[in-house]
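> A single structure is presented below for examination.
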Amino acid sequence: MKPQLPKALKQGDVVGIIAPAGYVNESQIEKAAKKIENLGFRPLVDKNIFQKHGYLAGKDTFRAMQINEMFKNKDVKAIIAARGGYGTSRILDMLDYDLIQQNPKIIGGYSDITALICAIYKKTSLVTFHSSMLIPEDTEYTRETMIEIFKNGKKGFIIKPEEKDSKEITIINSGKAKGILFGGNLTLIETLIGTQYDFSLYNKILFLEEINEPPYKIDRMLTHLKNSKNLSNLKGIVFGKFQGCQAQGNNSLQLEEVIQDFCKDLKCPIIMNFSFGHVTNRCTLPIGIKAELNTKTLSLKLLEDCVET
């Protein structure tokens, strides 16, 4: 199915701030709004954003309503999650996918927001973005590269970590590969399996990242992925830095061993420690767009536009 492109972001556009997972407070949202203003855009905060229901940013109906209303609002040109946490998966069946498809616009986030951006892509073919969020710590590089792809994500656009981060990338399988970008946080990707938001890995370049999970849990999730999907159809894999996932003590496989075991029968290009997701210096990756993975340049090149200008 041909991807549906969101309109490119322009200076001065309205950017909606949502909290579909963990709760937020006024101080955090003030800083998030200021960040949007400093980037040259006008923030819009949903009136329900400060609700709290246990560890959630309000009850499911309110969090789903935020997203539906942001897509319905013609003034809003992009939607960025304030933070992750937990709870996005609870509201996926409350979203109005027909409304979203009729009002395509940029939507981005990472961590728990993986469920949202993958579900929207699955249901509507709208290109979504595994991007930075507004509350977690970030860098000038993170903000500038996110806005650059939102404004100018055309065919030929290069996604490459800063030089200091590129030096940490390791090559598991070398080569070039062309495929459709898809992925996000490993935990959330795994939870989509067997649901109506399940996905195919045919012709995909899969990108995966995680934080603060021990190697045995990474092993379990990757094994589930391997047992439930035909990995022979993968075109490439980009692993993130997996912060906080190193083995503690001697009675464990090392993270690198777990990933090597997962990759041992795969022939496609594979790299590890690409800078996206739970790091401060993070790349923005579009979901649903054909790209080329090149292990020599340690980069991804878009082979088609990811925004409409």
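> Given Leu126, Leu134, Leu206, which one is assigned by TED's automatic domain parsing to the domain that holds Ser252 and aliphatic (A, V, I, L, M)? Give the derivation first.
Working: Leu126 fails: assigned by TED's automatic domain parsing to the domain that holds Ser252; Leu134 fails: assigned by TED's automatic domain parsing to the domain that holds Ser252.
Unique residue meeting the criteria: Leu206.
> Just to be sure, is Leu225 in a helix (DSSP H, G or I) and buried (at least 16 other Cβ atoms within 10 Å of the Cβ)? Give the steps one after another, and end with the answer.
Numbers: in a helix (DSSP H, G or I): yes; buried (at least 16 other Cβ atoms within 10 Å of the Cβ): yes.
So Leu225 passes the test.
> Here's another thing I want to ask about it. Determine whether region 131-148 contains at least one residue that is among the hydrophobic types (A, V, I, L, M, F, W, C), part of a helix (DSSP H, G or I) and buried (at least 22 other Cβ atoms within 10 Å of the Cβ). Walk me through it before giving the result.
Taking region 131-148 as the starting set, the residues that turn out to be among the hydrophobic types (A, V, I, L, M, F, W, C) are 133-135, 146-147.
Within this subset, residues satisfying the condition of being part of a helix (DSSP H, G or I) are 146-147.
Now drop any that are not buried (at least 22 other Cβ atoms within 10 Å of the Cβ), which leaves 146.
Taking every residue of region 131-148 in turn, at least one turns out to be among the hydrophobic types (A, V, I, L, M, F, W, C), part of a helix (DSSP H, G or I) and buried (at least 22 other Cβ atoms within 10 Å of the Cβ).
> Right, Ile171: in the same structural domain as Val258 (by TED's automatic domain parsing) and in contact with a strand residue (DSSP E or B) (Cβ under 6 Å, 6 or more places away or on another chain) or not? Show your work before the answer.
Values: in the same structural domain as Val258 (by TED's automatic domain parsing): yes; in contact with a strand residue (DSSP E or B) (Cβ under 6 Å, 6 or more places away or on another chain): yes.
Yes: the conditions hold for Ile171.
> Looking at region 239-257, which of its residues are more than 14 Å from Ile169 (Cα to Cα), in contact (Cβ under 8 Å) with a residue 24 or more places away in the chain and in a loop (DSSP other than H, G, I, E, B)? Steps first, answer last, please.
So the first thing to find is which residues in region 239-257 are more than 14 Å from Ile169 (Cα to Cα), and the list is 244-255, 257.
In the following step, the residues that additionally are in contact (Cβ under 8 Å) with a residue 24 or more places away in the chain were identified as 244-248, 252-255, 257.
Scanning region 239-257 gives Gly244, Cys245, Gln246, Ala247, Gln248, Ser252, Leu253, Gln254.
> When you check Ile79 against the structure, is it under 17 Å from Ile106 (Cβ atoms), of a type in the set (Val, Ile, Thr), in the same structural domain as Leu126 (by TED's automatic domain parsing) and surrounded by 15 or more Cβ atoms within 10 Å (Cβ to Cβ), yes or no? Before the answer, list the steps.
On the way: under 17 Å from Ile106 (Cβ atoms): yes; of a type in the set (Val, Ile, Thr): yes; in the same structural domain as Leu126 (by TED's automatic domain parsing): yes; surrounded by 15 or more Cβ atoms within 10 Å (Cβ to Cβ): yes.
So Ile79 fits the description; yes.
The values are calculated or read from the model by the stated rules, or taken from the named source; none is laboratory data. Keep in mind that this is a model prediction, so the values were computed, not measured. Note that we place each Cβ from the backbone using ideal geometry, even for glycine, and neighbour counts take in every protein chain shown.
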